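Reviewing the structure listed below.
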Amino acid sequence: MTVIETVPADSEDTRGSSLPRYLALKAGGSLISLALVVVLGFFMFRIMPGDPAINMTRGRQVSPGEVERLRKEMGLDQPLLVQFWRFVRDLFTGDLGTSYVYRRPVTELIGDYVGPTLLLTGTAALISVALGLWLGQKAAWRRGSWFDKIHTGVALVFWSVPTFWLGLLLLLIFGGGLGWFPTGGMSTAASTDTGVAHVLDVAHHLVLPVTTMVAVIYAQYLMVMRASVLEEMSADYLTTARAKGLREDLVRTRHAVPNALLPTVTLIFLTLGLLIAGTVTVETVFSWPGLGYLTYKGLSAPDFPLVQGTFVVFSAAVIIMNFIADLLYRVLDPRLKAS
Amino acid sequence: MTTSGSAAIRARRRARFKEVVREIASHPSALIGAGLLLLIIVLALLAPLLMPMDRLDVTKVTARGNESPSGGHWLGTDPSGRDVLGLLLWGSRASLLVGFSATAMAMIIGTTLGMAAGHFTGIVRAVVLRIIDFFLVVPSLVLAIVLSAVLSRGLSTIIIAIGVTCWAHTARVVRAQTLTIETRPYIERSRALGAGDRHIIGKHVFPSVLPLVMANTTLVVGQAIILESTLAFLGLGDPTTFSWGSMLKTALDTGAATAGYWWFVLAPGIAIVIVVLCFTLVGRALEAILNPTLRAR
């Protein structure tokens with residue numbers, strides 16, 4: 001859905017710098033971004049028109065006394081900077097406030113819901129990486145062929161499809177229409193299955209959401225892998241490999257592909273974070289009990305402490321993945337290390 | 001001297017423009033995309049004539065809910081009996097309006113900050129770069145969700161939420177182009193003649209980044225339309241206007257997908273895909289023409 005760069009966001013010119021300096025720069029940048037997320041996470045929920053205590057209880061019947069108690073509890077009677085300080089202090093102790101709907105600490109809720117999200121995104125990432133890279137290198141190798149045209153065309157179409165609609169479509173065809181797969185949730189309600197039967201049940205529920213995510217993301221890998229292999233194809237070492245008498249298949253798999261993989265490895269980590277953030281729509285469509293669904297619940301309540309908490313978690317996940325991508329980009333490519 | 005100089009520049013720009021037009025013509029998919037877009041924009045403008053608003057009034061409709069497509073209702077009806085084709089027509093107005101306005105906002109922010117990051121040095125550059133990096137990294141969907149959740153509901157909120165979150169990529173492209181331009185000798189000459197920041201940016205940098213911004217605009221409009229429909233789908237849209245995203249939200253809420261009301265799920269989605277695909281085709285063609293490094297590939 002979003003445009004993703006092959007090369008991590010790189011504003012400062014770090015090409016010539018040594019590895020420790022590069023690490024320090026990147027780590028510093030990520031820390032500043034994390035700090036900005038915290039600042040935004042706090043102040044965005046304070047720019048809401050009106051009183052946060054009233055906003056947070058919007059749509060619920062509360063007495064004025066209750067609002068007053070809430071204001072005290074939230075520390076709203078304190079100056080803004082004191083409030084911010086408390087927010088940051090609580091954050092470091094893992095306290096993200098209390099959800100209004102669930103009446104439980106947000107951290108605890110996030111802990112409960114993070115598992116399904118990791119299962120969903122992990123599976124989707126593995127499948128789409130394998131599929132995208134394999135199709136990408138094949139498409140590049142046969143550039144201009146029907147295989148190439150069809151697959152880059154399909155990738156372009158998927159790029160234009162809203163994730164949630166694709167989910168609805170799959171739900172319509174395979175859930176409602178053919179009835180092959182369950183239409184929502186993570187396991188059959190009231191089922192007492194354990195062991196293998198439970199795993200199979202979850203896997204059955206996993207098929208449609210994972211397919212949706214794979215369809216949306218694999219195109220990115222395909223396009224980047226294709227471009228990357230195309231760039232390697234004119235390299236001299238491939239001529240050498242051919243001159244040695246290697247079969248075309250071996251030239252591709254042993255020589256061209258490993259080098260072309262370098263830029264895609266960083267891309268994978270860049271997209272992992274986005275994949276996690278993208279669960280908001282997929283999990284909503286399939287009522288998959290993960291962080292995205294939790295966010296949706298928080299939005300429709302509205303339950304602002306919950307939304308605030310998931311915002312911080314999603315953004316932090318993306319920033320950390322980006323940092324890892326930066327590291328790998330530098331560590332994996334010996335040419336960058338040498339310069 | 002100056003007049004003949006600027007006339008020469010104008011002639012060169014005109015020649016370059018003709019060249020671009022010729023090259024666009026050599027991309028048939030871009031032409032098809034542009035043609036379709038024009039048609040869709042005309043239909044969106046004509047919506048009040050083609051489908052008067054009161055025919056979509058829930059209290060006045062005569063059709064039953066969730067009717068499948070027929071001669072009377074080409075694309076069937078929604079759960080409250082409104083004509084899906086009519087909703088689609090009216091929905092195109094919101095989608096296009098948000099798409100264009102949010103993109104305009106993103107382009108203004110992106111171009112300004114991108115040129116600033118490329119032109120200035122020292123603390124200004126450091127701060128602007130930091131901001132760009134932050135917005136490149138933070139997922140725009142998540143940020144847009146939070147923004148539209150905390151601001152009051154309405155189309156302008158959606159426009160702001162998308163505009164504020166989708167400019168970083170543009171800023172990055174613009175900055176790279178600014179850096180390239182500023183190494184040219186004529187900038188140095190201009191500086192030696194006493195030109196200030198304002199002159200250099202306004203007269204030299206801005207005209208040269210403009211074509212890139214144009215190509216970027218078409219790509220961002222498509223993404224803004226997807227983002228708009230996503231926000232509306234999550235229930236963050238303007239409750240008083242029809243949009244393709246809000247139609248799909250109704251579809252989800254009423255279980256249209258599981259109940260097999262395919263017309264109500266397919267129609268808005270296909271509309272989004274067609275519009276976004278058209279913008280993408282045009283944008284990619286423009287980018288390929290205007291960006292020499294891509295053209296070489």
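Dipole check for region A:54-170: with +1 at the C-beta of Lys and Arg, -1 at the C-beta of Asp and Glu, and the Cα centre as origin, the magnitude is about 400 Debye. The mean number of partner chain beta-carbon atoms within 10 angstrom of a residue's beta-carbon across peptide B:125-138 is 6. Label sites at residue B:38 and residue A:112, each approximated as a point 7 angstrom past Cα along Cα to Cβ, lie 5.7 nm apart. Measuring spread by the Cα atoms of region B:127-229 yields a radius of gyration and Dmax of 17.1, 52 Å. Taking amide H as placed 1.01 Å from N in the peptide plane, the amide H of residue A:98 sits under 5 Å from that of A:106, each at least 5 places away or on another chain. Quick one: plug the Kirkwood hydrodynamic radius of the protein assembly as shown (C-alpha pairs) into Stokes-Einstein at 10 °C, 1.306 mPa s, and report D in µm²/s. For these conditions, the coefficient is 60 µm²/s. Comparing B:136, B:170, B:160 along the charge dipole axis of region B:134-192, the residue lying farthest to the positive side is B:170, per the Cβ-charge model.
Summarising the label geometry, the points placed 7 Å from Cα in the beta-carbon direction at residue B:189 and residue A:201 lie 7.8 nm from one another.
In summary, the helical segments of chain B meeting the span-like criteria, namely a full DSSP H run, a Cα extent along the axis of 24 angstrom or more and a mean Kyte-Doolittle hydropathy of at least 1.0, are B:28-50, B:84-119, B:206-233, B:262-290. Rg ratio for chain A: its Cα radius of gyration over 2.2 N^0.38 Å, N being its residue count, equals 1.19. Neighbours of residue B:155, meaning other residues whose beta-carbon lies under 11 angstrom from its beta-carbon, give a summed charge of 0 when Lys and Arg score +1 and Asp and Glu score -1. Across the options A:258, A:183, A:219, the greatest Cα extent toward the positive end of the charge dipole of region A:172-268 (unit charges at beta carbon of Lys, Arg, Asp, Glu) belongs to A:258.
The value for region A:88-137 of Rg(Cα) / (2.2 N^0.38 Å) is 1.78. What share of all Cα pairs of region A:236-336, in percent, falls into each consecutive 10 Å distance bin? Calculated P(r), rounded to whole percents: 14, 28, 21, 17, 12, 6, 1. Quick one: putting +1 on the C-beta of Lys and Arg, -1 on the C-beta of Asp and Glu, what dipole do you get for region B:216-297 around its Cα centre, in Debye to the nearest 20? The dipole magnitude comes to about 360 debye. Taken residue by residue and averaged, Cβ atoms of other chains lying within 10 Å of the Cβ of B:249-261 number 4.
For region B:106-175, the share of alpha carbon pairs falling in successive 5 Å distance bins from zero is 4, 19, 25, 20, 15, 10, 5, 1, 0 percent.
Note that region A:171-302 carries a Kirkwood radius of 18.1 Å, evaluated over its alpha carbons pair by pair.
Within region B:157-297, the proportion of C-alpha pairs whose separation exceeds 23 Å stands at 52%. Relative contact order for region B:143-297: 25 percent, from Cα pairs under 8 Å spaced at least 6 residues apart, divided by residue count.
Membrane-span-like helices in chain A, defined purely by DSSP H runs whose alpha carbon atoms cover 24 Å or more axially and whose average Kyte-Doolittle hydropathy reaches -1.0, are A:19-43, A:106-141, A:195-233, A:257-277, A:304-332.
Over all alpha-carbon pairs in chain B, figure out the percentage whose distance exceeds 25 Å. Counting every Cα pair in chain B, those more than 25 Å apart make up 57 percent.
If you bin all the Cα-Cα distances of region A:288-328 at 10 Å, starting from zero, the percentages per bin are 29, 40, 22, 9, 0.
Determine, at each q value in 0.11, 0.19, 0.21, 0.22 (inverse angstroms), the log₁₀ of I(q)/I(0) that the Debye formula gives when each Cα of region A:99-226 is one equal point scatterer. The computed values of log10 I(q)/I(0) come out as -0.52, -1.10, -1.19, -1.22.
Cα centroids of region A:309-334 and region B:172-197: 34 Å apart. Note on residue B:8/residue A:154: beta-carbon distance plugged into 1/(1 + (r/R0)^6) with R0 of 60 Å gives a FRET efficiency of 0.80.
Bear in mind that the values in this text are calculations on the coordinates, not laboratory data. Worth saying up front: this structure is predicted, and the values here are computed from it rather than measured. Every residue, glycine among them, receives a Cβ derived from its backbone with ideal geometry; neighbour counts consider all protein chains shown.
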